[in-house]
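What follows is one structure encoded as structure tokens, with my remarks underneath.
The values are calculated or read from the model by the stated rules, or taken from the named source; none is laboratory data. No experiment lies behind these values; they were computed from the predicted model shown. For neighbour counting, all protein chains shown are included, and Cβ atoms are generated from backbone atoms with ideal geometry for every residue, glycine included.
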Amino acid sequence: MSFHVSLVGRKDLSGEIYRQIRRAILDDLLRPGDRLSPTRELARALAVSRMTVTVAYERLAGEGFISSQVGSGTFVSEGVARGRKARSHRTDGLVQPRAVWESISLPTAFRDPARFDFRTGLPDTTLFPHRTWRRLVARALRSADMAAGRYEHPAGHRDLRAAIAQHIGISRAVEASADNIVITNGTQQALDLVARALLAPGDRIAVEDPGYRPPRYLFQSLGLRVVGVPVDREGLIVDALPRGVRAIYVTPSHQYPLAVAMTLQRRQTLLAWAERNGATIIEDDYDSEFRFGGRPLEPLQTLDTRGRVIYVGSFSKTMLPNLRLGFLVAPPSLQSALHKAKYVSDWHTTTLLQTALARFIEDGAFARHIRRVSAVYRERHRILSNFLADDLADHLDVIPSATGLHIAAIARKASVNEIAAIARRALEAGVAVQILSTFAVGRSARAGLVLGYGAIATGEIKEGLRRLRPCFKV
């Protein structure tokens, strides 16, 4: 193994080679069995005599750190006591993060899957057409775009933007063209780009309460003042919006986590409020492809006549979360700034996956996949809704929902702390659920549960809920 040794400004060259290799072994940078460079090769690389390196190697060998095998080379010895050491000159606290990062915690809900997994935000990956996707990725690897090896335009691959524009125009009535779409690494980056292009530190942005936490953390990290606005069964309460808000982040088609759909009247009221107050609406439509009843409501973007809505979509729920593919649709006035924000952020999303996804949509494979999984999710939605309404009605008031991959239920009697205890007992029984109160922005947390049905097999839902039911009775 070629290991970096620095001799700049050093006098005891042999001793320095010895000390740096010894420290690398003790710090576990060089591990048992790793092969060191031959003395002649290392001497040439360091511009020293071979004897200088040989002396260092002999000292290491004498102390048992390395061993030589005739005809094979020199290797790090087995059984050397190792372990990374804390280095005082690197942990003295001179470099510290901004205080905002102390208030942000990494997700823990997705680490260890339970047998009966009712966590939200997880599609059923077994339903994804992996074979078709692998074929398209392999085809993309052979494409002219990949062979050229050029950087992509920050807005994204033209074919994919055109395919997305057609798809959301047909399936969601979103008015878009390839020119006003930007491809992103998931919803989170889309929100990051919008905030960078539109808002400045100190600006106020409104979010739903309860609401999706990662966007709130993102806005706070950018120095924005986040204001929670309550949500009822008609969606965001527009009358509760304070003055001075520059932007509003909402999930109107399937509110996260309450799962309600914003009514048409409430949508029109929100658009009128944004116009009067000079605010921008960021519409996150993360899983509305899955609709199981009722008439679909028009997105805010479609109802918008003044160019105040930025529409954000994702393929995390419809395809695979780890693909990290999303998009945004913005009015012409923001397009240049968004392209620049994407450029300085990461230049562009990987061309390989963009090319494959464009073909996946153009060939009709995406639409077929949506039809197939929608039938499965529809049945899971029915089973879960009926069981909650029939067998857990004494404990939970289910919020009606006909869209997406999760259902929310308000506790009838239990407090926030009691619901947390119920969730802990459920996990001990192999049932993973999420607590509604953890999504609160302000102090008015509601007691309840949020149950997803994307990650749990259809045949496991009833048994999982049967195990959940006794957890309410202690």
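Annotations
- Leading residue by the ranking (surrounded by the fewest Cβ atoms within 10 Å (Cβ to Cβ)) among those in region 120-150 that are touching a Ser or Thr at 6+ places or on another chain (Cβ under 7 Å) and assigned to a helix (DSSP H, G or I): 146
- Residues that are aliphatic (A, V, I, L, M) and buried (at least 20 other Cβ atoms within 10 Å of the Cβ) were ranked within region 228-240; the one that is nearest to residue 436 (Cα to Cα) is 231.
- The set of residues in region 447-474 that are crowded, with 23+ Cβ neighbours inside 10 Å and under 25 Å from residue 318 (Cβ atoms) comprises 449, 450, 451, 452, 453, 454, 456, 464.
Residue by residue, here is whether (1) surrounded by fewer than 14 Cβ atoms within 10 Å (Cβ to Cβ); (2) in contact (Cβ under 8 Å) with a residue 12 or more places away in the chain; (3) assigned to a loop (DSSP other than H, G, I, E, B) holds:
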{"site": "14", "(1), (2), (3)": "no, yes, no"}
{"site": "20", "(1), (2), (3)": "no, yes, no"}
{"site": "44", "(1), (2), (3)": "yes, no, no"}
{"site": "48", "(1), (2), (3)": "no, yes, yes"}
{"site": "56", "(1), (2), (3)": "no, yes, no"}
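- Any helices (runs of 4 or more DSSP H) falling wholly within region 274-385 and containing at least 3 residues that are outside the structural domain of residue 407 (by TED's automatic domain parsing) and over 23 Å from residue 236 (Cβ atoms): 332-346, 351-362
- Residue count, region 323-339 (criterion: within 22 Å of the chain's Cα centre (by Cα) and closer than 11 Å to residue 155 by Cα): 5
- Which numbered condition residue 40 fails, given (1) surrounded by fewer than 13 Cβ atoms within 10 Å (Cβ to Cβ); (2) not in a helix (DSSP H, G or I): (2)
- Total residues in region 387-406, condition over 17 Å from residue 457 (Cβ atoms) and either part of a helix (DSSP H, G or I) or under 25 Å from the mean Cα position of the chain (by Cα) (or both): 8
- Count of residues meeting criterion [out of contact with any helix residue (DSSP H, G or I) (no Cβ under 7 Å at 6 or more places or on another chain), at pLDDT 90 or above and not acidic (Asp, Glu)] in region 61-79: 6
Conditions tested, residue by residue: (1) within 22 Å of the chain's Cα centre (by Cα); (2) of a type outside the set (Gly, Ala, Ser).
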site	(1), (2)
228	yes, no
234	no, yes
240	no, no
251	yes, yes
258	yes, yes
261	no, no
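- Here residue 427 meets the list (1) within 24 Å of the chain's Cα centre (by Cα); (2) closer than 30 Å to residue 370 by Cβ almost entirely, failing just condition (2).
Residue by residue, here is whether (1) out of contact with any strand residue (DSSP E or B) (no Cβ under 6 Å at 6 or more places or on another chain); (2) closer than 30 Å to residue 228 by Cα holds:
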site: 162; (1), (2): yes, no
site: 185; (1), (2): yes, yes
site: 189; (1), (2): yes, yes
site: 194; (1), (2): no, yes
